[in-house]
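Trainee: My structure is below; once you've seen it, I'll send some questions.
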Amino acid sequence: METKEEVQKFEEYKKIVDALQPYFEGGRRGDGQLMITAFYDHAYVVGSMDGAFMNVNREDFGKGMDAFGSANDMQYHIAWIDISGPAAAVKLEITNWVGFRFTDFFAMYKKDGEWKISAKVYDSHSRN
C-alpha cells in the first residue's frame, strides 16, 4: 500500500511533467514564445553548438527556437526527475529536433504552487 508521502511525490512528478508541456509543444511547433512560458523570467540557457558557447536569457532562447522552425518528428524522454521540496532537477533526452540530438538538464522550482524552469544546461552531442 502506498503511503501518503509516496502519493504526494508522484503527484509532484506529474505536475513537473505538465509544467514542461509548453516546452515540448513549442519545440514541435517551432514556437519559441510558447516554449519560454515554461521558464521563469530570470532563467538562462547555457550550452554549446558547433563549438560556440551559448549563455542566453529566456527571451533570446525563445527567438533562437523560433528560427529553428517546427520539429514534428521530435521525440523526447524524461530520463529522471529528482525532487526535494520545492526544488527539482530534470534530465531530458531529445532526438530529431530538426536533425539534432540534445540532453537537457533543468533546474526547476515550485513557487505559489507552480513549477517552472529556473535554468537550463544542455549538450548538443556531436554538434559540440
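The values are calculated or read from the model by the stated rules, or taken from the named source; none is laboratory data. As the structure is a computational prediction, the values presented were derived from the model and not from experiment. Because the Cβ atoms are built from the backbone with ideal geometry, glycine has one as well, and the counts that use them run over all protein chains shown. Please note that ligands, DNA and RNA were not included when accessible areas were found on the heavy atoms of the full protein model with its side chains. Shrake-Rupley method; radii C 1.70, N 1.55, O 1.52, S 1.80 Å.
Trainee: Tell me, what ³J(HN,Hα) does each residue in the range 88-100 have, in order and in whole Hz, if you take phi through Karplus 6.51 cos²θ - 1.76 cosθ + 1.60 with θ = phi - 60° and put x for Gly and Pro?
Mentor: Working through the residues one at a time gives 8, 10, 10, 10, 10, 10, 10, 10, 6, 7, 6, x, 9 Hz.
Trainee: Using a 10 Å cut-off on Cβ atoms, rank the peptides 22-30, 74-82 from the highest mean neighbour count down. Please list the in-between numbers first.
Mentor: Details: 22-30: 18.7, 74-82: 13.1.
Put in order of decreasing packing, that is 22-30, 74-82.
Trainee: When ranked by the protection proxy of mean other Cβ atoms within 10 Å per residue, highest first, what sequence do the peptides 33-41, 8-16 form? Don't skip to the end; give the middle numbers.
Mentor: On the way: 33-41: 19.0, 8-16: 13.3.
Put in order of decreasing packing, that is 33-41, 8-16.
Trainee: Now a separate question. In whole percent, how big is the carbon plus sulfur part of the accessible area of the range 1-61, probe 1.4 Å, protein atoms only?
Mentor: Numbers: 1980 of 3680 Å².
Summing carbon and sulfur atoms, their accessible area is 54 percent of the total for the range 1-61.
Trainee: Quick check on the range 71-128: what are the equivalent-ellipsoid semi-axes from the Cα gyration tensor, as sqrt(5λ), descending, whole Å?
Mentor: Calculated on Cα positions only, the semi-axes equal 25, 11, 9 Å.
Trainee: I would also like to ask the following. Using per-residue counts of other Cβ atoms within 10 Å, averaged over each peptide, order 55-65, 104-114 from highest down.
Mentor: The packing order, highest mean first, is 55-65, 104-114.
Trainee: So what is the orientation-averaged projected area of the range 1-66, using the convex hull of its C-alpha atoms, in nm²?
Mentor: Its Cα hull, projected and averaged over all orientations, spans 6.1 nm².
Trainee: Taking only protein heavy atoms and a 1.4 Å probe, what accessible area per residue, in Å², does the chain have with all protein chains in place?
Mentor: Details: 7190 Å² over 128 residues.
That works out to 56 Å² per residue.
Trainee: With n ≥ 4 as the cut-off for DSSP H runs, can you work out [θ] at 222 nm for the chain, using -39500 (n - 2.57) per run divided by the number of residues, rounded to the nearest 500?
Mentor: Taken over the chain, the calculation gives -9000 deg cm²/dmol.
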